[in-house]
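Accompanying notes for the structure given below.
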Amino acid sequence: MELFGRWVLRYRWVLTVLCAVVLACAGALPAAADGAPGGGDVHIAQTLGSRELTVVIRRVADVPGPVQVDVVAHAGTAPGALALAVTPGNGTSTPADTTTLVLGQAPGPYSGTMRVDQVGPWELAISDGRRTARIPFLVKPVVSSPAEQAAYAGFFAAGALLLVALGVAVRSRRSWPALIPGGAMVAAIAVSTTGAVLSGSTPPPPQPGLHLDPTVANMTNPYAGLQPPITDFSRPAAVLTLRSAPLRVGRPADVTLQLSDGATGHPVDDLLVHDDALIHLVVVGPSGQLWHLHPIRTGPAVYQAHLVPPEPGHYAVSAELARRGGGDQLLRSPTGLDVAQGDATAPTGPQAVPGDAAAPAPGLGERVVAGIPVRLAASPLSAGTPATITAQVGDSADLQPWLGMLGHMIVTGPLDDGPVTSTAAEKAQVWAHVHSMTSAGMAAINNPGAFGGQPDETVAGYGPQVPFTYTFPLPGRYRLWIQVERDYSILTIPVVLDVPATPGGTS
């Protein structure tokens, strides 16, 4: 005892240094490195009337604090004012803040800033004066895991106890009182070290907004009521119902999409942002045209798509979405849409995302799409074998990421040998949505965390090669639509491929 006390008095400067080291280590711990994520930017495509927009809700760093909203307008978007409002998802209908964005003639990003004052679910409303898109988003706090909290508490306690031990050793005439805070300091260091080691392997809790319906309570303390790892968060497939007024050629129309739970029949309002959209709506026209739309959410479980049908006949419809805990789902409407012949006075307003020309789509080779030279090639094709279809769009790397990807390819088939029509597509066994994700230039999109976030459409430096890898499950004729973005405009490249049953064989 007496020797320890003499050592403390003699080497108190060493204890002082140790105290500083302990406090420095406590301050150097990473904030929420292995806890619940703090959130990131949200990119959501929206077909708001005749405008095709990409809405980017920037990550909120501090609460209360600003939230920046960027609206990227595509080529052909009409100028005008958009009213923006943010409302907390606590049942109130009063916006916390509002602003106005004025879209000009030039495509590209337009920014506005509003303030949020609490963590939890929020809703961004964007109105053009006739329609209002209501986009749910989350303001997430930085949350530490229990292991991280133990590491922080242990280091701070160790630092405080070291100061106490030093003070007792200096002021006390006896040496043994310093052993009490000294022993407690050692225990605190052991706890903090154990917590720091375990923080790297502690599994995250079920994520509000991804696994659980988000609330303020489970977002601020996601570790409370932690579920065992065998908990099943899955939900059944949604049921898609279409409603609209009678559709006529050339007349702008709004089609309502109603989503209900396949098991309970309750409204489905738990969609996740999937490939930068809540819903990807694919419409195939009577002559084989394609519309790739992104319906706006007008209320819980209710979405709205705007369409200007260019010709009479039947339109096939499918919707791709992801439910919270339910995974990706492709819903094909059993009824589609029927469009009657219009009249001579019917307006022929612009289409939000123009479909491809109604002329028969050629196969591989060269063609010109919207004035851009396109070269199409494919590896040997056969059913059941992976194949790569490559589109070279232009001759320079000037493509923009759209919906988080370099390119998209919609596939339907096998089709009859006759003309590609919506009826044939509706009866096809295969519908698929394929992404181009293998280009070296898309490293920032595939790994956004390494590049400070997902690049948006203002980055035009990808391509011109756009490869897609897909396995055609059955032999026969397939209709493909390849889509890329260039100069804030979506290019749709229709292709017809005959896939043989065996390599080098016939379909």
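The residues of region 283-298 that are part of a strand (DSSP E or B) and open to solvent by less than 10 Å² (accessible area, probe 1.4 Å), listed by number, are V283, V284, L290, W291, H292, L293, I296. Within region 62-77, being open to solvent by less than 70 Å² (accessible area, probe 1.4 Å), over 18 Å from D456 (Cα atoms) and outside any strand (DSSP E or B) holds for one residue alone: V63. Pairing each residue of region 48-72 that is among the aromatic types (F, W, Y) with any residue that is part of a strand (DSSP E or B) and open to solvent by less than 10 Å² (accessible area, probe 1.4 Å), provided the two are 6+ apart or on different chains, yields no C-beta distance under 9 Å.
Each row is one residue, and each column tells you yes or no for (1) within 23 Å of P208 (Cβ to Cβ); (2) of a type in the set (S, T, N, Q).
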residue	(1), (2)
R59	yes, no
A75	no, no
A78	no, no
T87	yes, yes
T92	yes, yes
T100	no, yes
M114	yes, no
G120	yes, no
P136	yes, no
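Checking each residue in region 382-406 for being open to solvent by 30 Å² or more (accessible area, probe 1.4 Å), touching a strand residue (DSSP E or B) at 6+ places or on another chain (Cβ under 9 Å) and in a loop (DSSP other than H, G, I, E, B) picks out G384, T385, D395, A397, D398. If you go through region 198-211, how many residues are crowded, with 19+ Cβ neighbours inside 10 Å and not in a loop (DSSP other than H, G, I, E, B)? Number satisfying all stated conditions: 2. Being farther than 23 Å from D276 by Cβ and modelled with pLDDT of 85 or more is true of T388. When you look at V168, is it modelled with pLDDT of 70 or more, more than 30 Å from the chain's Cα centre (by Cα) and not in a loop (DSSP other than H, G, I, E, B), yes or no? Considered against the rule, which asks whether it is modelled with pLDDT of 70 or more, more than 30 Å from the chain's Cα centre (by Cα) and not in a loop (DSSP other than H, G, I, E, B), V168 comes out as no. Within region 225-257, restricting attention to residues that are in a loop (DSSP other than H, G, I, E, B) and of a type in the set (A, V, I, L, M), the residue that is modelled with the highest pLDDT is V249. Step by step: first the residues of region 106-150, then only those that are β-branched (V, I, T) and not in a loop (DSSP other than H, G, I, E, B), then the one that is surrounded by the fewest Cβ atoms within 10 Å (Cβ to Cβ). Which residue is that? Among those residues, the one meeting the criterion is T113.
The values are calculated or read from the model by the stated rules, or taken from the named source; none is laboratory data. Source: prediction; values computed, not measured. A quick note on method: Cβ atoms are made from the backbone with ideal geometry, for glycine too, and the neighbour counts reach across all protein chains shown. To get the accessible areas, we keep the full protein, side chains included, count just its heavy atoms, and leave off ligands, DNA and RNA. Shrake-Rupley method; radii C 1.70, N 1.55, O 1.52, S 1.80 Å.
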